[in-house]
Amino acid sequence: MNQNSLFFRARWRLALWYSGVMGIILCLAGVGAYHMMVHAHWQGLQDEIEAVAGTLHDTLEPMLHQPDQMNPYVQNVLPNLCIITEPCANSPQNQSKRHILGVTQTNDYYIHFRDRSYQTIATVGNLPESEVNREAVWQILRDPQGRNYYQFSLLLKNSAGLPWGYMQIGRSMADYDRHLSESRLALLLGLPIGFVAIAIASWYLAKIAMQPVYTSYQQIQQFTADVAHELRTPLAAIQATVESSLAMDVLPETDSRNVLNVIERQNSRLSQLVGDLLLLSRLDIETNPPKFSHCCLNDILCDLVEELASLALASDISLNLDLKTETPIYIMGNESQLYRLFSNLIANAIQYSNLNGTVSISLTLQDRDAIAQIRDTGIGIAEQDLPHIFDRFYRVNSDRSRTTGGSGLGLAIAKAIANRHRGNIQVTSELGKGSKFIVSFKSV
Ligand code: ADP
């Protein structure tokens, strides 16, 4: 395929289209997946902070009495609480083993308690050095080292239900940011690798997609060459005959008759060839179901045996017809096409039989299958030729077939007609012993 520039270019274009479309889909899918992951992580982070803040809120509020003042008892719940009015080092760490919120003791979390005028009362963990927006409930803080923190603010009330102050709980986003940057890196590396893989796959997929087209293109080219070749022989014969006649000053009557005979013979060969090609192409391109009628296979075979009896007689071949059933077998079909099918097979059987050979034709009905067999005791077909004999213009031995006047279209036509009638042709043959063609149709 690559040697043919038309198909090579088409393959390239197809591969480019495949890669382009699949690449865009891959990018969209990658970016979409990344955004979904960011959203899921973000939601997870928010839920986690909210859950911790909610638990702290429910635990601390009953312990808070005096507005703007931290109850040292809170240190039982938050052991690393650092009250601003007391030196942190003296704070009674680990007084209690009830670390109800162990999560707040990790380095990721900090808690900032502020009074109602937004002054710091107490802290837990390391607060980020950054400006805080008093109004925002949720905000992202960035410290001078470039680390991000996600912070949630809420108003706490004391045990009497009066505003006590604010609690700001924040969490480092370092693991979140690291995870996202790793994902971005994976995406940035993965996308080009994925794209290269797509491009390679597209190149091979384009080949697979174009292979049937290329095969039919080659068949058409071969067919055209075969047709040209077959037409050239009779045309050249006519040309040569006419030229030699014209070269003579006077053409005696016998010679002119000979010339006309040659022209007539070659012409009928040409007409036969063109007729066969027309029939084949009609069988190929007819898309609508043909108008079929009831055809009696018994009658067709009887008529053919009668018609070809003289041909068989001329070659000293005995032609036998054995209708294994008295009841006529009907199939739906086109009578002249069926006639042509069997005529090709029987004529071949006679042509490729030796002198004193036998050609036997039988017709049986098995279940609802009408089965016709054409058996000869002729020259047979070699095993390597059997798969090709139904190909157009295929001749086992060109010289031999040419003497019989065959163009190699007879079996191709028979096969096309059988296909058109949803029938089947099979062949078995043994070189030097004979051949058997079995044709089957659904009877009505
Ligand atoms: P042709 O017109 O040359 O006979 P066909 O398509 O009818 O072409 O047959 C293709 C080839 O198959 C022939 O060239 C012939 O060699 C072989 N063939 C067909 N029928 C028989 C047969 N009954 N016995 C032996 N060879 C056969």
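The values are calculated or read from the model by the stated rules, or taken from the named source; none is laboratory data. Nothing here was measured: the structure is a model prediction, and the numbers come from that model. Cβ coordinates were reconstructed from backbone atoms using ideal geometry, including for glycine residues, and neighbour counts include every protein chain displayed. Just the protein is used for accessible areas: all its heavy atoms, side chains included, with ligands, DNA and RNA removed. Shrake-Rupley method; radii C 1.70, N 1.55, O 1.52, S 1.80 Å.
Condition check for Asp322 on (1) more than 16 Å from the ligand (Cβ to nearest atom); (2) out of contact with any Leu (no Cβ under 8 Å at 6 or more places or on another chain); (3) acidic (Asp, Glu): one failure, at (2). Taking (1) under 60 Å from the mean Cα position of the chain (by Cα); (2) open to solvent by less than 30 Å² (accessible area, probe 1.4 Å) in turn, Arg147 satisfies each apart from (2).
Exactly one residue out of Leu60, Leu28 is touching a residue at least 24 places away in the same chain (Cβ under 8 Å) and aliphatic (A, V, I, L, M): that is Leu60. Given the structure, is Ala225 surrounded by 15 or more Cβ atoms within 10 Å (Cβ to Cβ), at pLDDT 90 or above, outside the structural domain of Trp42 (by TED's automatic domain parsing) and not hydroxyl-bearing (Ser, Thr, Tyr)? Against the criterion (surrounded by 15 or more Cβ atoms within 10 Å (Cβ to Cβ), at pLDDT 90 or above, outside the structural domain of Trp42 (by TED's automatic domain parsing) and not hydroxyl-bearing (Ser, Thr, Tyr)), Ala225 does not qualify.
A single member of Leu156, Leu185 is of a type outside the set (Lys, Arg) and open to solvent by 30 Å² or more (accessible area, probe 1.4 Å), and it is Leu185. Would you mind stating whether Gly333 is closer than 20 Å to Glu286 by Cα and touching a strand residue (DSSP E or B) at 6+ places or on another chain (Cβ under 7 Å)? For Gly333, the condition - closer than 20 Å to Glu286 by Cα and touching a strand residue (DSSP E or B) at 6+ places or on another chain (Cβ under 7 Å) - is met.
In the set Leu251, Leu246, Leu235, Leu260, only one residue is farther than 30 Å from Ser5 by Cα, open to solvent by 60 Å² or more (accessible area, probe 1.4 Å) and under 52 Å from the mean Cα position of the chain (by Cα); that residue is Leu235.
For the stretch 259-277, the criterion of being under 30 Å from Asn354 (Cα atoms), in a loop (DSSP other than H, G, I, E, B) and out of contact with any Phe, Trp or Tyr (no Cβ under 8 Å at 6 or more places or on another chain) is met by none of the residues.
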